[in-house]
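J.: Dumping the structure here so I can ask a few things about it.
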Amino acid sequence: MNRTSPAYVRKCLAELGVRPSRRLGQNFLIDGNVGRAIVDAANVDRKDVVLEIGPGLGALTDELLARCGRVIAVEKDRRLQAYLASSFAAISGFELIGGDMLDQDLTQFSDAGVARVVSNLPYASGTRILVEIVKSTFVPVGMVLTLQREVAERLCAAVGGRDYGLLSVWVQRLYRPRIERKVSATCFWPAPEVTSSVVVLERDCGAVEVADEGAFYRLTSAAFAHRRKQLRAILPLIKVSTREKGEGLLVAEGIDPRARPQNLSVADWCRLANALC
């Protein structure tokens, strides 16, 4: 079977009684070249255990199982769960978890030895899923994700750029992201109203450590909520008792007190978080 054939996708979904849901972000890949390119970018081999989120009809799953040792797939739609369980029943390297990825205990994937995440993430929840992974103790060595183009650009944005923000800081603290390729809406059925991008995230082993991750996330969240303000005005609002103390701390860390949140690099945020602990 050709799981990316438009005719097969429509026929299979009709037989399953599945009408693609915008609320669930269900858009099924109908371009085999894109699927192969995604798995190529993941650079997996037989030693790898791969997590796939939202496998749908298994377009990426087929490619992954041909190259890696084991695929753990998390699917929310019960009708698609039944299809996947039947379709891949004879393959020992396939494990299906039924349920919402946002409801999963992520430590189970660490315990299972998952090294990489390869997924066409649902548009409706893709950003939330990525944030949950980044903030958890489950930190894969690499991820290849199809996301809405605007989200991909935020992940990869440079310091001071229009798209540089909280998501950029959180992801770039742990990963080196790059946009591998753009994906046209016509590569999916039904075609989404947005253009997508395939993003490769490789773990950055030289990342600056933070003493308290919770404090880092609270600091950056609060600061970017006031992104139009200068840092010397922000710190008294969220952590430091007076503006003078805040300015002194910033100067001591080599940070311009007049800078705004989008002007600080990831290393700057890590140093500042450590100084405030």
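J.: Counting only residues that are closer than 19 Å to Asn2 by Cα and of a type outside the set (A, V, I, L, M, F, W, C), give me the strands (runs of 3 or more DSSP E) lying completely in segment 36-132 with at least 2 of them.
T.: On the way: elements: 49-53, 70-75, 94-98, 114-120.
In segment 36-132, the matching strands (runs of 3 or more DSSP E) lie at 114-120.
J.: Out of Ala157, Ala112, which single residue is of a type in the set (Gly, Ala, Ser) and within 27 Å of Arg227 (Cβ to Cβ)?
T.: Numbers: Ala112 fails: within 27 Å of Arg227 (Cβ to Cβ).
So the residue among Ala157, Ala112 that is of a type in the set (Gly, Ala, Ser) and within 27 Å of Arg227 (Cβ to Cβ) is Ala157.
J.: If you take the residues in segment 1-46 that are in contact (Cβ under 8 Å) with a residue 60 or more places away in the chain and β-branched (Val, Ile, Thr), which one is farthest from Leu57 (Cα to Cα)?
T.: Residues of segment 1-46 that are in contact (Cβ under 8 Å) with a residue 60 or more places away in the chain, as a first pass: 6, 9-10, 12, 16-18, 20, 22-31, 34, 37-39, 41-44.
If we keep only those that are β-branched (Val, Ile, Thr) too, we end up with 9, 18, 30, 34, 38-39, 44.
Working: Val9: 8, Val18: 11, Ile30: 11, Val34: 15, Ile38: 16, Val39: 16, Val44: 21 Å.
Among those residues, the one meeting the criterion is Val44.
J.: Of the residues Asp40, Asp31, Asp105, Asp100, which single one is more than 21 Å from the chain's Cα centre (by Cα) and surrounded by fewer than 21 Cβ atoms within 10 Å (Cβ to Cβ)? Give the steps one after another, and end with the answer.
T.: Numbers: Asp40 fails: more than 21 Å from the chain's Cα centre (by Cα); Asp105 fails: more than 21 Å from the chain's Cα centre (by Cα); Asp100 fails: more than 21 Å from the chain's Cα centre (by Cα).
Among Asp40, Asp31, Asp105, Asp100, only Asp31 is more than 21 Å from the chain's Cα centre (by Cα) and surrounded by fewer than 21 Cβ atoms within 10 Å (Cβ to Cβ).
J.: Give all pairs with beta carbons closer than 6 Å in which a residue from segment 61-74 that is basic (Lys, Arg) meets a residue that is part of a loop (DSSP other than H, G, I, E, B) and crowded, with 21+ Cβ neighbours inside 10 Å; count only pairs at least 6 apart in sequence or on separate chains.
T.: Short answer, once both residue conditions are applied: Arg67/Val44.
J.: Oh, and also: Given the condition crowded, with 19+ Cβ neighbours inside 10 Å and part of a helix (DSSP H, G or I), answer yes or no: does some residue in segment 198-213 qualify?
T.: Applying the first criterion (crowded, with 19+ Cβ neighbours inside 10 Å) to segment 198-213 yields 198-201, 210.
With the extra rule that they be part of a helix (DSSP H, G or I), the set shrinks to none.
Within segment 198-213, not a single residue is crowded, with 19+ Cβ neighbours inside 10 Å and part of a helix (DSSP H, G or I).
J.: Please specify each residue of segment 206-242 satisfying the condition of being in contact with a Ser or Thr (Cβ under 8 Å, 6 or more places away or on another chain) and touching a residue at least 24 places away in the same chain (Cβ under 8 Å).
T.: Our first condition is that a residue be in contact with a Ser or Thr (Cβ under 8 Å, 6 or more places away or on another chain); within segment 206-242, this holds for 236.
Those that are in contact with a Ser or Thr (Cβ under 8 Å, 6 or more places away or on another chain) and touching a residue at least 24 places away in the same chain (Cβ under 8 Å): none in segment 206-242.
J.: What do you reckon, is Thr195 in contact with a helix residue (DSSP H, G or I) (Cβ under 7 Å, 6 or more places away or on another chain), in the same structural domain as Tyr123 (by TED's automatic domain parsing), hydroxyl-bearing (Ser, Thr, Tyr) and surrounded by fewer than 17 Cβ atoms within 10 Å (Cβ to Cβ)? First the steps, then the outcome.
T.: Details: in contact with a helix residue (DSSP H, G or I) (Cβ under 7 Å, 6 or more places away or on another chain): yes; in the same structural domain as Tyr123 (by TED's automatic domain parsing): yes; hydroxyl-bearing (Ser, Thr, Tyr): yes; surrounded by fewer than 17 Cβ atoms within 10 Å (Cβ to Cβ): yes.
It is true that Thr195 is in contact with a helix residue (DSSP H, G or I) (Cβ under 7 Å, 6 or more places away or on another chain), in the same structural domain as Tyr123 (by TED's automatic domain parsing), hydroxyl-bearing (Ser, Thr, Tyr) and surrounded by fewer than 17 Cβ atoms within 10 Å (Cβ to Cβ).
J.: Quick check on Val74: is it under 19 Å from the mean Cα position of the chain (by Cα) and not small (Gly, Ala, Ser)?
T.: Taking the combined requirement at face value, the residue satisfies it.
J.: Search segment 236-269 for residues being more than 29 Å from Cys156 (Cα to Cα) and among the β-branched types (Val, Ile, Thr), and hand back the single one that is surrounded by the fewest Cβ atoms within 10 Å (Cβ to Cβ).
T.: The extreme case among them is Thr242.
J.: Taking segment 92-134, which residues are of a type in the set (Val, Ile, Thr) and farther than 27 Å from Glu180 by Cβ? Talk me through it step by step, then tell me what you get.
T.: Filtering segment 92-134 for residues of a type in the set (Val, Ile, Thr) gives 97, 107, 114, 117-118, 127, 129, 131, 133-134.
Matches in segment 92-134: Thr107 only.
J.: Here is a list: Ser110, Ser136, Ser168. Which entry is over 28 Å from Pro261 (Cβ atoms) and in the same structural domain as Gly58 (by TED's automatic domain parsing)? So that I can check it myself, show each step before the final result.
T.: Numbers: Ser136 fails: over 28 Å from Pro261 (Cβ atoms); Ser168 fails: over 28 Å from Pro261 (Cβ atoms).
Unique residue meeting the criteria: Ser110.
J.: Filter segment 134-163 down to residues that are of a type in the set (S, T, N, Q) and within 27 Å of Ser184 (Cβ to Cβ) and give me whichever is surrounded by the most Cβ atoms within 10 Å (Cβ to Cβ).
T.: Looking only at segment 134-163, we keep the residues that are of a type in the set (S, T, N, Q), and these are 136-137, 146, 148.
Checking which are within 27 Å of Ser184 (Cβ to Cβ) leaves us with 146, 148.
On the way: Thr146: 27, Gln148: 19.
So the residue we want is Thr146.
J.: Identify all residues within segment 164-184 that are surrounded by 21 or more Cβ atoms within 10 Å (Cβ to Cβ) and β-branched (Val, Ile, Thr); write none if there are none.
T.: Those that are surrounded by 21 or more Cβ atoms within 10 Å (Cβ to Cβ) and β-branched (Val, Ile, Thr): Val169, Val171, Val183.
J.: Scan segment 53-60 and tell me whether some residue there is over 15 Å from Phe188 (Cα atoms), crowded, with 23+ Cβ neighbours inside 10 Å and either touching a residue at least 40 places away in the same chain (Cβ under 8 Å) or outside the structural domain of Ala85 (by TED's automatic domain parsing) (or both). Quick ask: steps written out before the conclusion?
T.: Step one: of segment 53-60, the residues over 15 Å from Phe188 (Cα atoms) are 53.
From what's left, crowded, with 23+ Cβ neighbours inside 10 Å: 53.
After this cut, where a residue has to be either touching a residue at least 40 places away in the same chain (Cβ under 8 Å) or outside the structural domain of Ala85 (by TED's automatic domain parsing) (or both) as well, the list is 53.
The answer is yes, given that some residue of segment 53-60 is over 15 Å from Phe188 (Cα atoms), crowded, with 23+ Cβ neighbours inside 10 Å and either touching a residue at least 40 places away in the same chain (Cβ under 8 Å) or outside the structural domain of Ala85 (by TED's automatic domain parsing) (or both).
The values are calculated or read from the model by the stated rules, or taken from the named source; none is laboratory data. All of these numbers come straight from a predicted model, not from anything done at the bench. A quick note on method: Cβ atoms are made from the backbone with ideal geometry, for glycine too, and the neighbour counts reach across all protein chains shown.
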